[in-house]
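Input: a single structure, listed below in structure tokens.
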Amino acid sequence: MIFAKNSDRDPNEAQIIEFIPRQKHVENKVKLTYVEFPQVEETYAVILSRPWWMYGAEMGVNEFGLTIGNTAVFTKEKREKVGILGMDIIRLALERAKSSKEALEFIISIIENYGQGGNGSYEHRLYYHNSFIIVDPKDAWVLETAGKNWVVKKIEDVYTISNALTIRDDWDLASQSVEKLRQKNKNFSFSKYFSDRFYTYFSHGKDRRTFTYKKLDEKKGEITLEYVMEVLSSHQIEDFSPEKGSMRDICMHYGGLTRPSQTASSQISLLGENFQVHYFTGTSLPCLSVFKPIYFEGGVPELGERPTNKYSSKNYWWRFEVLHRKIQTNYRTYIADFLKDKNELQLKIIEKEVDFRKKYLEGKVDKCELSGLTKWAFDEEEKLLEKWNDIVKVGKLPLFYSMNWGRVNKKAGLIF
């Protein structure tokens, strides 16, 4: 099973890779981003990729190999101003469920009994409903929602989601409200009936979903880690440069009012029954980032102070963000040589991780060595950062693109 996700957020919304161990609890409630929720006696260990300001996570995995990601979908149903964020739901499910089916049932119970809501953005107002991909080493499910209405599709080969409802009339499970709608109309389509056409169109989620699904479908049975990295790092035009970016890009580069988001972090999880490895970037823009292997046995290395939406040289995400923004000001000058170095390091990391995985399955190495492999990957990435920070000189962006980035950098307190 291969799970992969890009997290598109506001450009200054730093993300944290975080390991939270299994914990016992005595309190009755847990404070989510906006509301309280009943706590349980024990929560399972999780690795999360989490926007710095919220309780929940854009994506993550737990100690049993349960892996979940979500995306915003825009529907005609009322969007509650205060409630449980889709990201909060992800963390709650990862901390409380052992399998994808158990997580699916838990998330449905939240949708039906509590609903979903709250502002999904730190600097702006963004209210939406959620689509989830829920997987474990054996099973995969897509759950799409519109308020308290929901449908579920079991995935047998490949599937992708984006900022648009995808399930029409081919669901495997549905809420009673949806089943009643189908009884009234034999041609009922969940996605067509509930989609908000305006927001869905301008988010270009359908375009991104069409692209990613096609990429997976044409390689069905031959999908590799490297291929998934390529898909997550892709843009829609071959002669790409950041100012030419599009909302149709999978690797999203910020571009102002018509392109307000940027990919903040990425995850790829390889879920075997005998061995699991989780590759995270922990940095923005997968096309410029290195995926590092992380394991529950090894945890997450120390990555400096926790980030906010303000620049700090003491934080891991922001130190790499400075380099990424510098490269984008002088993209054509440096991109070929930078990608050569970055891709060579990525291949080196993959080869070392695959060799370790093989030796582990053969009983030749112990899991206690996993933390060393992860730390080595992060250390090698740090060397890449230091080298290219010395090389890259700030260039000049096109006028309107420069003005957009100037406002974003000023908010972050970042001056080149």
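The values are calculated or read from the model by the stated rules, or taken from the named source; none is laboratory data. Just so it is clear, the model here is predicted, and its values are computed rather than measured. Counting neighbours? That spans all protein chains shown, and the Cβs are built from the backbone with ideal geometry, glycine included. Surface accessibility is based on the protein's heavy atoms, side chains included, excluding ligands, DNA and RNA. Shrake-Rupley method; radii C 1.70, N 1.55, O 1.52, S 1.80 Å.
Structure notes:
- Residues located in the range 355-391, provided they are out of contact with any helix residue (DSSP H, G or I) (no Cβ under 8 Å at 6 or more places or on another chain) and among the polar types (S, T, N, Q): 371, 374
- Residue within the range 308-316 that is open to solvent by less than 30 Å² (accessible area, probe 1.4 Å) and assigned to a loop (DSSP other than H, G, I, E, B) present: yes
- Sub-9 Å Cβ pairs linking a first residue in the range 86-109 that is among the aromatic types (Phe, Trp, Tyr) to a second residue that is part of a helix (DSSP H, G or I), at least 6 apart or interchain, are 106/89; 106/92; 106/93; 106/96, ordered by first then second residue.
- A Cβ distance below 8 Å, combined with a sequence gap of six or more or placement on separate chains, defines the contacts here; from the range 225-250, residues that are more than 12 Å from residue 285 (Cβ to Cβ) and in contact (Cβ under 8 Å) with a residue 40 or more places away in the chain reach residues that are of a type in the set (S, T, N, Q) and surrounded by fewer than 16 Cβ atoms within 10 Å (Cβ to Cβ) in the pairs 247/258.
- Among residues of the range 32-43 that are more than 19 Å from residue 86 (Cα to Cα), those with a Cβ under 6 angstrom from a residue that is assigned to a strand (DSSP E or B), sequence gap 6+ or separate chain, pair up as 42/24.
Quick grid of which residues meet (1) within 21 Å of residue 282 (Cβ to Cβ); (2) of a type in the set (Phe, Trp, Tyr):
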residue: 307; (1), (2): yes, no
residue: 316; (1), (2): yes, yes
residue: 321; (1), (2): yes, no
residue: 326; (1), (2): yes, no
residue: 331; (1), (2): no, yes
residue: 341; (1), (2): yes, no
residue: 361; (1), (2): no, no
residue: 392; (1), (2): yes, no
residue: 415; (1), (2): no, no
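- Take the conditions (1) hydrophobic (A, V, I, L, M, F, W, C); (2) assigned to a loop (DSSP other than H, G, I, E, B); (3) open to solvent by 60 Å² or more (accessible area, probe 1.4 Å); residue 290 misses just one of them, which is (3).
Yes/no matrix, rows are residues, columns are (1) part of a helix (DSSP H, G or I); (2) in contact (Cβ under 8 Å) with a residue 40 or more places away in the chain; (3) open to solvent by less than 30 Å² (accessible area, probe 1.4 Å); (4) at positive phi:
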residue: 332; (1), (2), (3), (4): yes, yes, no, no
residue: 336; (1), (2), (3), (4): yes, no, no, no
residue: 342; (1), (2), (3), (4): yes, yes, yes, no
residue: 350; (1), (2), (3), (4): yes, yes, yes, no
residue: 353; (1), (2), (3), (4): yes, yes, yes, no
residue: 358; (1), (2), (3), (4): yes, no, no, no
residue: 368; (1), (2), (3), (4): yes, yes, no, no
residue: 376; (1), (2), (3), (4): yes, no, no, no
residue: 379; (1), (2), (3), (4): yes, no, no, no
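- Only residues that are basic (Lys, Arg), free of Cβ contacts under 8 Å to residues at least 40 places away in the same chain and under 26 Å from residue 157 (Cα atoms) were counted across the range 190-216, and they come to 3.
- Residue in the range 14-28 that is of a type in the set (Val, Ile, Thr), farther than 20 Å from residue 307 by Cα and touching a residue at least 60 places away in the same chain (Cβ under 8 Å) present: no
- Residue check for residue 143: surrounded by 16 or more Cβ atoms within 10 Å (Cβ to Cβ), within 20 Å of residue 67 (Cα to Cα) and of a type outside the set (D, E, K, R): yes
- Residue 341 under 19 Å from residue 296 (Cβ atoms) and among the charged types (D, E, K, R): no
- Within the range 202-229, considering residues that are over 28 Å from residue 404 (Cα atoms) and acidic (Asp, Glu), the one least open to solvent (accessible area, probe 1.4 Å): 217
Table: residues versus (1) among the acidic types (Asp, Glu); (2) in contact with a Gly (Cβ under 7 Å, 6 or more places away or on another chain); (3) open to solvent by less than 40 Å² (accessible area, probe 1.4 Å).
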residue	(1), (2), (3)
57	no, no, yes
63	yes, no, no
69	no, no, yes
72	no, yes, yes
101	no, no, no
110	no, no, yes
113	no, no, no
119	no, no, yes
130	no, yes, yes
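- Scope the range 294-307; condition touching a residue at least 24 places away in the same chain (Cβ under 8 Å) and open to solvent by 30 Å² or more (accessible area, probe 1.4 Å); matching residues: 296, 297, 300, 301, 303, 306
- No other residue among 46, 82 is surrounded by fewer than 20 Cβ atoms within 10 Å (Cβ to Cβ) and on the phi < 0 side of the Ramachandran plot apart from 82.
- The residue that is modelled with the lowest pLDDT, counting only those in the range 238-296 that are basic (Lys, Arg) and either out of contact with any Gly (no Cβ under 7 Å at 6 or more places or on another chain) or at positive phi (or both), is 244.
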